[in-house]
């Protein structure tokens, strides 16, 4: 079955450490996204990539980095520069549902919950 | 200004009854799409329904329907015959097609609890 796989599901980090969250998709989607979700809030865009070897900053990119060396993979690194990294991170990719032009539907992974100790 | 506003932090509904979750949006883009997502306690985001700005009829997908009132800039989700499995967070989102990037702007969500 096609989908998006995020790992790890839970991750604990000590202050000052970098951590990398994995996101892999087998949907053959070109565009991929990373969102952050804090309790009681919606999703905020960290980074997105429309194509391999290209990516753009979202609304809250400071303290994060990404790479897009392969179409299937879009890992997110949470660096020590991120002041408050404890959050739920969602990876997504976009594809056309096909029933209406423009109805591109963002498909999400199951998420990774990062806790800083 | 908020692109998407969901004013109901929490809602309760009796099993088998219908419930409406409110969503208003703000855009000057004439071409946009509105989405609803469900987020159960597991955390994943599940796409429910889509409405394009040029659609003449309200979208429906099974028990879900979208009450689209363009002049009021509202896109309320109606869930009919509620089930216990409908208990979850619900997010309204919007994409502005002319500004590109395929980004979706999300509201803060509504937590729906279905009571047996």
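The table that follows gives values for the structure above.
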read-out: Chain A: relative contact order as a whole-number percent, Cα under 8 Å and 6+ apart; value: 33 percent
read-out: At 0.692 mPa s and 37 °C, Stokes D of the protein assembly as shown from Kirkwood alpha-carbon radius, µm² per second; value: 179 µm²/s
read-out: GNM top mover of A:63, A:95, A:42 - chain A, alpha-carbon springs below 10 Å; value: A:42
read-out: Pairwise FRET efficiency - residue B:64 versus residue A:51, Cβ, R0 = 41 Å, nearest 0.05; value: 0.80
read-out: GNM result for chain B, Cα springs below 10 Å: residue of B:62, B:52, B:33 fluctuating most strongly; value: B:62
read-out: Convex hull projection area averaged over all views, chain A, Cα basis, nm²; value: 7.5 nm²
read-out: For chain B: relative contact order, % (alpha-carbon pairs under 8 angstrom, 6 or more apart); value: 37 percent
read-out: Alpha-carbon centroid distance for the pair the stretch B:23-81 / the stretch A:1-43, whole angstrom; value: 25 Å
read-out: Taking all pairs of distinct alpha-carbon atoms in chain B, Kirkwood radius in angstrom; value: 14.3 Å
read-out: Per-residue Cβ neighbour rank within 10 angstrom, fewest leading, A:112, A:73; value: A:73, A:112
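Laboratory data are not the source of any read-out in this text; all were calculated from the coordinates shown. These figures come from a predicted structure and were not determined experimentally. Heads up, the Cβs are rebuilt from the backbone with ideal geometry, glycines too, and the neighbour counts pull from every protein chain shown.
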